[in-house]
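Written out below as structure tokens is the structure these notes cover.
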Amino acid sequence: MGKPNFELIRHDVVERVLLEVDQIYHLACPASPIHYKYNPIKTSKTSFLGTMNMLGLAKRCRARFLISSTSEVYGDPLQHPQEETYWGNVNPVGERSCYDEGKRVAETLTMDYHREHGLEVRIVRIFNTYGPRMALDDGRVVSNFVAQALKNEPLTVYGDGTQTRSFQFVTDLVKGMVAVMDGAHVGPFNIGNPGEFTMLELANLVKEVVNPKATIEFRENTSDDPSRRRPNITKAKEILGWEPKVALRDGLAMMVQDFKKRLGLGA
Ligand code: UDP
């Protein structure tokens, strides 16, 4: 923030904006289910109009444009692990559709600007990511479990806890996105950690790392919750030489230090 050539602008991407830029990392969109379902029409507008506005900006400036897409484009996947060539299994009329379909159309717009206008574009499909400085009330499973374990509250497992996710540490994601932006290939690239865990395995790992006395409480699951998710990252490995470095256990420990401080529990 203190750098003389850094400028922070608060702006809603749904509205047009005129700037001079060389590269655009287009990340704007709520990504936690509780947040994107809170105002679903705005979520769709953000992905559609927001992406169109940012593509328009990129076209005017001849800037390179990176869209942050998501593993949610695969929906409740029938292929496992998911490769970039898989077209997905997505409900177009469900509660998650504003996010899933929003990101799918954002990818479509990105490719059409590329084909129609020769725009330089990059597509990254981000898998579940966690780490320090994540909002305490983000609502996603890792931040929920860590905060709950630290506060001696029960860990809330939705459904029977047999659904799986693959969790990537934030620094691995940032390096992956920069590698895609600076590389020569459009993508899409899966950027995620292939280490796959059931929610019960995650809860037990959080207990072990954070608070062995923590208990588990089962809650009703949300609709259209994908039953499994794991990236195939061969493409990113082979083309970009990128792969994640931080194991879940180590990443959790770094997150705990930060959450303790912010929850006022001392480091
Ligand atoms: N989940 C859970 N407890 C929580 C929050 C989420 O068991 O307190 C489950 C959720 O049902 C899903 C998985 O954890 O199966 C990942 O959910 P999250 O919201 O973190 O990310 P998603 O992959 O759904 O975007």
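The values are calculated or read from the model by the stated rules, or taken from the named source; none is laboratory data. Since the model is a prediction, treat every value here as computed from it, not as a measurement. Don't worry about glycine lacking a Cβ; one is built from the backbone with ideal geometry, like all the others, and counts go over all protein chains shown.
Among the residues making up region 158-214, those that are within 23 Å of residue 103 (Cα to Cα) and of a type in the set (A, V, I, L, M) are 170, 173, 174, 177, 178, 179, 180, 181, 184, 186, 191. Counting residues in region 108-123 that are under 18 Å from the mean Cα position of the chain (by Cα), surrounded by fewer than 22 Cβ atoms within 10 Å (Cβ to Cβ) and not aromatic (Phe, Trp, Tyr) gives zero.
Among the residues of region 251-267, which ones are surrounded by 12 or more Cβ atoms within 10 Å (Cβ to Cβ) and without any contact (Cβ under 8 Å) to a residue 12 or more places away in the chain? 261 - this is the single residue of region 251-267 that is surrounded by 12 or more Cβ atoms within 10 Å (Cβ to Cβ) and without any contact (Cβ under 8 Å) to a residue 12 or more places away in the chain.
Quick one: would you say residue 134 is crowded, with 16+ Cβ neighbours inside 10 Å, more than 11 Å from the ligand (Cβ to nearest atom) and either at pLDDT 95 or above or in a loop (DSSP other than H, G, I, E, B) (or both)? Explain how you work it out, then say what you get.
Working: crowded, with 16+ Cβ neighbours inside 10 Å: yes; more than 11 Å from the ligand (Cβ to nearest atom): no; either at pLDDT 95 or above or in a loop (DSSP other than H, G, I, E, B) (or both): yes.
Against the criterion (crowded, with 16+ Cβ neighbours inside 10 Å, more than 11 Å from the ligand (Cβ to nearest atom) and either at pLDDT 95 or above or in a loop (DSSP other than H, G, I, E, B) (or both)), residue 134 does not qualify.
Taking the condition under 22 Å from residue 78 (Cβ atoms), modelled with pLDDT under 95 and over 18 Å from the mean Cα position of the chain (by Cα), does residue 222 pass? Outline the logic, then answer.
Details: under 22 Å from residue 78 (Cβ atoms): yes; modelled with pLDDT under 95: yes; over 18 Å from the mean Cα position of the chain (by Cα): yes.
Here the answer is yes, as residue 222 does meet what is asked.
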